[in-house]
1. Counting DSSP beta bridges with both partners in the chain, what percentage is antiparallel, nearest 5?
2. Suppose R0 equals 56 Å. What FRET efficiency, 1/(1 + (r/R0)^6) with r the Cβ-Cβ distance, do Ala184 and Ser270 give to the nearest 0.05?
3. Mind jotting down the distance between the C-alpha centroids of segment 208-255 and segment 333-411, whole Å?
4. Can you list the residues, at least 5 places off or on another chain, whose amide H is less than 5 Å from the amide H of Val8, using H built in the peptide plane?
5. Ranking request for peptides 15-25, 385-395, 189-199, 324-334: highest mean number of other beta-carbon atoms within 10 Å first, then the rest in descending order.
6. How much of the accessible area of the chain, in percent, comes from carbon and sulfur atoms when a 1.4 Å probe is used?
7. Determine, from the Cβ-Cβ distance of Val262 and Lys236 and an R0 of 30 Å, the FRET efficiency 1/(1 + (r/R0)^6), rounded to the nearest 0.05.
8. Asn51: net charge of surrounding residues, Cβ under 12 Å, Lys/Arg +1, Asp/Glu -1, itself excluded?
Amino acid sequence: MSEPSAIVIGAGPAGLMAAEVMALGGLAVTVIDRMPSPGRKLLMAGRGGLNLTHTEPFESFIDRYGAAAGPLRPVLDRFTPAMLRAWCEALGQPTFVGTSGRVFPKAMKASPLLRAWMARLTVQGVQFRFQQTWKGWGPGGGLVFDDAQGIQETTTPSVLVLALGGASWPRLGSDGRWTQTLSAQGIPVTPLAPANVGFDVAWSPLFRAKFAGKPLKAVGLRFGDTYVLGEAMISKSGLQGGGIYALSRDLRQSLDAGRPTVLTLDLRPSLSQAEIRQRLERTRPGDSLSNRLRKAVKLGPLDVALLREVVGMNQPISPEDLARLIKALPLNLTGAQSIDRAISSAGGVRFEAVNPDLMLTARPGVFLAGEMLDWEAPTGGYLLQACFATGRAAGEAALSYVGRNRQNAPA
Ligand SMILES: Cc1cc2nc3c(=O)[nH]c(=O)nc-3n(C[C@H](O)[C@H](O)[C@H](O)COP(=O)(O)OP(=O)(O)OC[C@H]3O[C@@H](n4cnc5c(N)ncnc54)[C@H](O)[C@@H]3O)c2cc1C
C-alpha cells in the first residue's frame with residue numbers, strides 16, 4: 001500500500017469534513033474507522049430529522065457553547081451556519097428553517113446526505129478502511145490499529161486528524177476509549193460526561209405506568225436563573241427532551257457537586273400567576289379539581305397527574321397556592337441518566353492542549369476535530385455545526401502544515 005500523506009481516524013461528520021478539505025487540497029487521504037460503515041451517529045441523528053444548525057444571530061449562536069465559545073469563535077466564523085447550509089445544498093440536500101430557527105435538510109434524514117457525501121469523497125480520491133480500531137502510537141512512533149489481523153503498527157503519516165467523537169451511544173462507534181490513550185500521553189482531557197441527557201425523577205409506579213412516553217408540550221423549565229421554553233418527555237426513570245437538554249449542563253454540574261437539584265416546571269407559560277389565580281377563583285367550587293384545572297387553565301390529564309404526583313393534593317388547596325404550583329412545580333432530580341443514552345458528551349481534550357489550528361502542541365502534525373474536543377452545547381443544531389466546523393478547520397490547518405513542511409524541506 002502506498003503511504004497516505006494524511007490519515008483521518010473517525011468517519012463521523014468531523015472526520016469526513018476534514019478528509020474532504022484535505023483531499024481537495026491535493027493530499028492522499030485515508031479515513032479509518034472501527035465500525036463497518038461511516039457516520040453511524042450522524043444516521044442516528046437523522047432519525048430525529050437531522051437538526052443541522054440554527055439561524056439565530058451569530059452572537060447568541062456562539063453563546064450556546066458556554067466556556068468554549070472563545071476557542072470555537074474563529075472556527076465557527078470560518079464555517080458559519082449559512083456556509084453549512086450552502087454545503088448541504090451543493091450535495092443536493094437543500095435545507096429549510098423549522099420552528100424556532102432550527103435548520104433541517106428537506107429530506108428530514110441523514111442517509112441521502114451521507115450517501116451523496118461518500119460518493120463525492122470517493123470521487124475526490126479519499127480511501128476508506130473500516131473495522132480498524134486505533135489503539136495509539138507504537139514504540140516506533142507509528143499508528144497502532146487492531147483489526148481482523150490483530151495489532152499492527154503503520155508508519156506515521158504527514159498529518160493525522162483524530163475525530164473520534166465522544167462517548168454517547170457507544171454502540172454507534174464512539175466509545176471514548178481514546179481518552180485513556182491521550183491521557184497516557186500527558187494530553188489534558190476533561191473526563192467525558194453525559195450532555196443533552198435525561199434526568200432521574202422518582203416517579204410513583206402508578207404515574208410511571210400511565211405517563212411514561214407522554215410529552216409535556218410548550219412548558220417553561222427553570223433551574224437557577226435560567227428559564228427556557230420547550231418540551232419535556234416523561235420517561236420511565238424521569239424526564240428527557242429538548243427543554244431538559246437545554247438545562248442539562250447546569251443540572252449535571254449541580255448534581256455532580258452533590259447539591260439538591262430542583263427543576264421547576266411552568267405548566268402555563270402564557271399566563272401569569274395572578275391570571276391563573278383569578279381564573280381558578282371563577283370556577284365552580286363544586287367541580288372536581290381536574291375539571292376546574294381543565295376549564296380554567298386548560299390543563300390536561302398529564303399536567304393534573306403531575307401536580308398530584310408532586311404535591312399530593314389530597315387536602316383542599318387555595319387558588320393562590322394552586323396558581324403558584326402551576327407556575328413553579330418543583331421536581332427533585334436525583335441523578336443524570338447514563339452517557340449510553342445521551343445525545344452528546346461534555347468533556348474531551350482541553351483547548352489548552354491544542355493551538356488555534358486545533359493541532360496538539362505536544363504532537364505536531366496531529367489535529368483534533370469534533371465532539372472529542374472539550375466543548376458542549378444544547379441540541380438545536382449546535383452540535384453538528386461545531387463538528388463540521390472543527391473538521392473543516394482541522395483539515396485546512398493540516399493542509400497548511402503539510403504545505404509549510406514541504407517548503408521547509410531541504411532541496
Ligand atoms: C440520538 C442522537 C441524536 C442526535 N441528533 C442531533 C441533531 O439533530 N443535531 C445535532 O447537531 N447533533 C445531534 N446529535 C449529535 C451528533 O450526532 C454528534 O455530535 C456528532 O455525530 C459528533 O460528530 P463527530 O464526528 O465528532 O463524532 P462521531 O459522529 O461520534 O464519529 C466518531 C467516529 O470515530 C470512530 N471511532 C471512535 N474511536 C475510534 C477508534 N479508536 N478507532 C477507530 N475509529 C474510532 C467511531 O466509530 C465514529 O464513527 C445526535 C446524537 C445522537 C446520539
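The values are calculated or read from the model by the stated rules, or taken from the named source; none is laboratory data. Because the structure is a prediction, the values reported are computed rather than measured. In this analysis, Cβ positions are derived from the backbone assuming ideal geometry, glycine residues included, and neighbour counts consider all displayed protein chains. Areas reflect the complete protein model, heavy atoms only, side chains present, ligands, DNA and RNA absent. Shrake-Rupley method; radii C 1.70, N 1.55, O 1.52, S 1.80 Å.
1. Working: 41 of 57 bridges.
Percentage antiparallel, nearest 5: 70.
2. The calculated FRET efficiency here is 0.55.
3. Taking the Cα centre of each part, segment 333-411 and segment 208-255 sit 29 Å apart.
4. Thr30, Val31, Ile32, Val161
5. Working: 15-25: 25.3, 385-395: 27.7, 189-199: 22.4, 324-334: 17.7.
Going from most to least packed, we get 385-395, 15-25, 189-199, 324-334.
6. Working: 9560 of 18280 Å².
For the chain, the apolar C and S fraction of the accessible surface comes to 52 percent.
7. It comes out at approximately 0.90.
8. On the way: positive: Arg47, Arg102, Lys109; negative: none.
Cβ neighbours under 12 Å give a net charge of +3.
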